[in-house]
Amino acid sequence: MQKLNINITKNNILYPITIDSNLLDKIDELFDFRGYTSIFIISDDNVAPLYLGKVSNSIAKSHDVPIDSFVFKAGENSKNLETVTEAIAKLVKLNIDRKALIINLGGGITTDMGGFIASTYLRGIDFINISTSIVGMVDASVGGKTGVNFEHLKNYIGVFNHPKAVIMDIDTLNTLPKKDFVAGFGEVIKHGLIYDKNYFELVTSKHPANFSKEELVEIIKKSCEIKADVVQKDERESGIRKILNFGHTAGHAFESLSFDTDTPLLHGEAVSLGMIVAAKLSELIGNITHEEFIKIESAIKESKLPILTSSYQLLAIKQKMKLDKKSINQKPKWTLLKSIGECDWNVEVGEKFIDEALNYVASPGRS
Ligand SMILES: NC(=O)c1ccc[n+]([C@@H]2O[C@H](COP(=O)([O-])OP(=O)(O)OC[C@H]3O[C@@H](n4cnc5c(N)ncnc54)[C@H](O)[C@@H]3O)[C@@H](O)[C@H]2O)c1
Ligand SMILES: [Zn+2]
């Protein structure tokens, strides 16, 4: 069993992350449920049939407390205020009070949205995250960013608020669709690129599906450590936390434009494309060499993550990027590489370079 803590001493925030096999059967041993008036589990309709029963049985075996649930349709198109309203309507109908506990059981969409629901219902009630996807385990379920999309603008509504605990049972990854599993490595590779060159080399040394269970636990732990380190230095993203946005400026634009198409991008896929754009920009402004860029591009490609977007309109992408949360005066602020393993943030780049990098990621000739 691997355990680590998120500890933001300045704001009195401390919570444990537990990573291991076979944890869902002993949830009652991993968190102190005493004192809660009821438990409300939020999950999506892929994850709920697989694991919701297991989690509630595990709690019910040692706690006599009402357990209810809210299950939404899986996917980014549900991550919005309408679903939040439905969940809150159910909380109100059940008279769930402020001494209740919300459990978010699922991937990044569930923990982002469930965290937001818990943070705003009755001005905030306690919640824990039981993370079941790679994106969730290595990124979304830790660090305290919660929220939903607004009219296809990614994560436009949200609050910073942390769970009381995070539990990651890696056995749940056995049922995660392969495409989602691989997409999760987009965020894993990001952690290496922005913070630790050796980690980048390690996680791109083979195809994501070929890591053993033990290696996977180590990877999840290392990514959580990197995230913890960054978040502990800058919880509210006034500085260094912005490095975690590497690949997300263009990535979020690709992701939201793909929502209504026949081939919506998974978050990690969109981030991979966004990392190609950001790495290209890092090369164009002279921060990294062409060889380093090619190394990054090949590593992403070898991991079977996308490096080429088939069709997009330059103008539409640029319009979306202007609306990115990090844009100031409609100018995107980029997180760019200084080298592999090191980052700069708040970088402004000229239109010409942005066009060149965006055109690059859409040029079919190269891959
Ligand atoms: N808050 C943050 O810091 C942060 C960081 C990274 C990503 N995110 C957000 O996370 C979201 C993406 O996360 P995701 O990729 O986990 O999406 P997700 O929650 O939709 O999960 C991906 C898919 O896998 C299914 N699934 C999840 N776990 C499963 C399991 N164990 N077995 C079977 N199916 C399973 C889900 O139903 C879904 O269809 C995006 O909305 C992104 O913005 C947030
Ligand atoms: Zn992300």
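Computed from the coordinates by the stated procedures, all read-outs in this text should not be read as laboratory data. Given the structure is predicted, the values throughout are model-derived calculations rather than measurements. Cβ coordinates were reconstructed from backbone atoms using ideal geometry, including for glycine residues, and neighbour counts include every protein chain displayed.
Side notes on the structure shown:
- Among the listed pairs Lys73/Lys99; Lys145/Lys213; Lys178/Lys221, a Cα-Cα separation exceeding 23 Å is found for Lys73/Lys99; Lys145/Lys213.
- If the chain linking Ala316 and Leu153 were pulled fully straight, counting 0.36 nm for each residue of separation and taking away their Cα-Cα distance, it would gain 57.4 nm.
- Against the main long axis of the alpha-carbon atoms of the chain, helix 267-284 sits at an angle near 30°.
- Highest-fluctuation residue, His248, His191, His290 considered, GNM on the chain with Cα pairs under 10 Å: His290
- Comparing Ala228, Ala140, Ala316 in a Gaussian network model of the chain, where Cα atoms under 10 Å apart are tied by springs, the biggest mean-square fluctuation is seen for Ala316.
- Cα-based shape type of region 285-367, given that a ≥ b ≥ c are square roots of the gyration tensor eigenvalues and the cut on a/c is 1.5: oblate
- In this structure, Ala89 and Thr261 have a Cβ-Cβ separation that, at R0 = 25 Å, corresponds to a calculated FRET efficiency of about 0.20.
- Of the two radii for region 223-367, the radius of gyration is 0.94 times the Kirkwood radius, both from the alpha carbons; that is the Rg over Rh value.
- Here the chain has an Rg and Dmax of 20.0, 63 Å, counting Cα atoms alone.
- Degrees between helix 290-302 axis and first principal axis of the chain (Cα, 0 to 90, nearest 10): 40
- Point-to-point label distance, Leu122-Ala362, nm (Cα→Cβ direction, 7 Å offset): 5.0
- Low-density loop positions, GluC sites (Glu not before Pro), region 212-259 - DSSP coil, at most 16 other Cβ in 10 Å: none
- Helix-derived mean residue ellipticity, 222 nm - over the chain, DSSP H n ≥ 4, -39500 (n - 2.57), to 500: -12500 deg cm²/dmol
- Whether region 21-141 is rounded, prolate or oblate, judged on the alpha carbon gyration tensor where a/c under 1.5 counts as rounded: oblate
- Shape call, region 237-314: gyration tensor on alpha carbons, a/c limit 1.5: oblate
- Sparse packing (at most 14 other Cβ atoms within 10 Å of the Cβ) combined with a DSSP loop state is found for the following trypsin sites (Lys or Arg not before Pro) in region 20-56: Arg34.
- Each Lys or Arg adds one and each Asp or Glu takes one away; over the other residues whose Cβ falls under 15 Å from the Cβ of Asp260, this sums to -1.
- Of the trypsin sites (Lys or Arg not before Pro) in region 60-108, the ones in a loop by DSSP (not H, G, I, E or B) with at most 16 other beta carbons within 10 Å are Lys61, Lys73, Arg98, Lys99.
- Stretchable slack from Glu302 to Asp229, in nm (0.36 nm times residue separation minus alpha-carbon distance): 23.5 nm
- Stretched out straight at 0.36 nm per residue, the stretch from Lys164 to Thr289 would grow longer than its current Cα-Cα span by 40.7 nm.
- Between Val277, Val84, Val65, the residue with the greatest mean-square fluctuation in the GNM of the chain (Cα pairs under 10 Å linked by springs) is Val65.
- On the basis of the beta-carbon distance and an R0 of 45 Å, Glu201 and Asp32 show a calculated FRET efficiency of 0.65.
- FRET efficiency, Asn11 to Asp171 (Cβ-Cβ, R0 56 Å, nearest 0.05): 0.95
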